[in-house]
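See below for the structure under consideration.
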Amino acid sequence: MIASLFATAFLLPLGGSPALADPPPAFSVTADPPPATSAVLDPPPVISAVLDPPPVISAVLDPPPVISAVLDPPPVISVSLDPPPAVPVVADPPPAISVSLDDGVRRAAPGSESVYTLRIVNQGATALEGVTLAQTLPSSLIFVSADAGGRVQEGKVSWTVDVPAKRETVVHLSVRVGVVAAGETPNLATTACARRGGGPVLVCATDIDTLVPEKRSPRWLLPVSLLAGGGLAVGVFLVRRRRHRRRRQVL
């Protein structure tokens, strides 16, 4: 082993093997195509960058984009106002009608009968159906009869009638005037009104007559009248008797 090392060392300078260059030559090798290099890091590195100050990103689109969204189903939107807004209510205008009431007299005496004529006129272009007419009955009036299905209830007489457009409807009420004592009101008033169904009163009319109080004789008048009549009869009898006696004496 020592001999081999010695021989090698001795022979190399003499040209037995090429000598090594000092420094060694530079060389490079290029592979065509280059080899594919892949490296997988497990776990992968987390890369984080913090910019101080952060960048301001601004973008201006010209023209600006149109954004449209359609929701299916559409959302239900509910708005509650507190207090709720006042909603004006527009009422239908009242029908154009007129009412008249008359019994044809101005003075009424106890025991007399009167016939009231109640007339309703529809001046509008629409027929009126189910119109209620009601006439009051004061204590001085006694119900006798009513035409057109009139009925008495709670101190009044009522009818239900239809009134064509631009026409009139007429009903009648017959009454008798009761006894009116001295000191009571000298006027006899009765009022008739018209309404549709259970709605408000549309129009009214009133008739007023002057009552003639019943004339009552004083209590003493009857006995005095009887005595006066009796005395007159006795006087007539006596005068006739005296005349008869005179005629007999002359004969």
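Between Asp72 and Asp52, what is the FRET efficiency for a Förster distance of 45 Å, r being their Cβ-Cβ separation, to the nearest 0.05? My answer for the efficiency is 0.45.
Taking amide H as placed 1.01 Å from N in the peptide plane, the amide H of Gly124 sits under 5 Å from that of Ala96, Lys166, each at least 5 places away or on another chain. With each label modelled as a point 7 angstrom along the Cα→C-beta vector, the Leu227-Arg240 pair spans 2.5 nm. Binning all Cα-Cα separations of region 101-211 at 5 Å, short to long from zero, yields these whole-percent fractions: 2, 12, 23, 23, 17, 11, 7, 4, 1, 0, 0.
Each residue of region 163-178 is assigned a 3J(HN,Hα), and the resulting list reads 10, x, 5, 6, 10, 9, 10, 10, 10, 10, 9, 9, 9, 10, 7, x Hz, derived from the Karplus form 6.51 cos²θ - 1.76 cosθ + 1.60 (θ = phi - 60°), x at Gly and Pro.
Quick note: the coordinates plus some simple rules give every number you see, no bench work behind them. Computed from a prediction, not measured in an experiment: that's the story for all the values here. As a convention, Cβ positions derive from the backbone with ideal geometry for all residues, glycine included, and neighbour counts pool all protein chains shown.
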